[in-house]
1. Does the range 6-20 include one or more residues that are within 13 Å of the chain's Cα centre (by Cα), under 17 Å from Lys89 (Cα atoms) and touching a residue at least 40 places away in the same chain (Cβ under 8 Å)?
2. For residues that are of a type in the set (Gly, Ala, Ser) and under 8 Å from the mean Cα position of the chain (by Cα), tally how many sit in the range 32-50.
3. Could you say whether any residue in the range 100-123 is over 18 Å from Glu8 (Cα atoms), exposed (fewer than 15 other Cβ atoms within 10 Å of the Cβ), among the hydroxyl-bearing types (Ser, Thr, Tyr) and over 13 Å from the mean Cα position of the chain (by Cα)?
4. Take the residues in the range 84-99 that are of a type in the set (Val, Ile, Thr) and crowded, with 19+ Cβ neighbours inside 10 Å, then tell me which one is farthest from Met35 (Cα to Cα).
5. Residues that are over 30 Å from Ala117 (Cα atoms), buried (at least 17 other Cβ atoms within 10 Å of the Cβ), of a type outside the set (A, V, I, L, M, F, W, C) and at pLDDT 95 or above: does the range 59-66 have at least one?
6. With respect to Gly56, is the statement that it is in contact with a helix residue (DSSP H, G or I) (Cβ under 8 Å, 6 or more places away or on another chain) and either surrounded by fewer than 21 Cβ atoms within 10 Å (Cβ to Cβ) or assigned to a helix (DSSP H, G or I) (or both) true?
Amino acid sequence: MEAGIKNEKSIVVTDEVTASKVGSGLLPVYATPSMIALMEGTCAESVQPYLAEGEGTVGVAVDIKHIAATPVGMTVRCESLLKEVNGKKLVFEVNVYDEKGLVGTGIHKRAIINNEAFMARLS
């Protein structure tokens with residue numbers, strides 16, 4: 001796997017992903033935890049085809065800024081770019097846009113794991 005892998009994923013903001021619904025605030029706007037989940041999912045999906053059978057990735061760090069509010073009904077689009085591969089450590093640049101412009105930006109780090117071994121350690 002090499003740096004440069006890109007991915008894009010879009011969702012429509014529904015009540016289910018608002019701050020008031022997920023418990024991160026009182027207002028019915030796109031929640032920061034929901035935005036982070038979109039960022040993580042976009043990154044994870046981007047590299048899955050490049051992993052060996054039985055491997056996956058887990059999020060290990062997020063450093064993001066949520067810079068603008070997005071109302072229910074608006075579409076948000078996440079773009080990810082794999083910036084660095086260092087052994088089993090992956091570093092992504094992520095940006096989220098709504099129909100008015102940039103709403104979130106940051107760095108997300110993931111680690112490549114063996115799914116079975118990872119789950120076995122939890123037992």
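1. The answer is yes; a qualifying residue exists.
2. Residues meeting the conditions: 3.
3. Yes, the conditions are met somewhere in the range 100-123.
4. Checking each candidate, the answer is Val94.
5. Checked against the condition, which is being over 30 Å from Ala117 (Cα atoms), buried (at least 17 other Cβ atoms within 10 Å of the Cβ), of a type outside the set (A, V, I, L, M, F, W, C) and at pLDDT 95 or above, the range 59-66 yields at least one hit.
6. Working: in contact with a helix residue (DSSP H, G or I) (Cβ under 8 Å, 6 or more places away or on another chain): yes; either surrounded by fewer than 21 Cβ atoms within 10 Å (Cβ to Cβ) or assigned to a helix (DSSP H, G or I) (or both): yes.
Considered against the rule, which asks whether it is in contact with a helix residue (DSSP H, G or I) (Cβ under 8 Å, 6 or more places away or on another chain) and either surrounded by fewer than 21 Cβ atoms within 10 Å (Cβ to Cβ) or assigned to a helix (DSSP H, G or I) (or both), Gly56 comes out as yes.
The values are calculated or read from the model by the stated rules, or taken from the named source; none is laboratory data. The structure presented is a predicted model; accordingly, all values stated were derived computationally and were not measured. Here the Cβ is made from the backbone with ideal geometry for all residues, glycine too, and neighbour counts use every protein chain on show.
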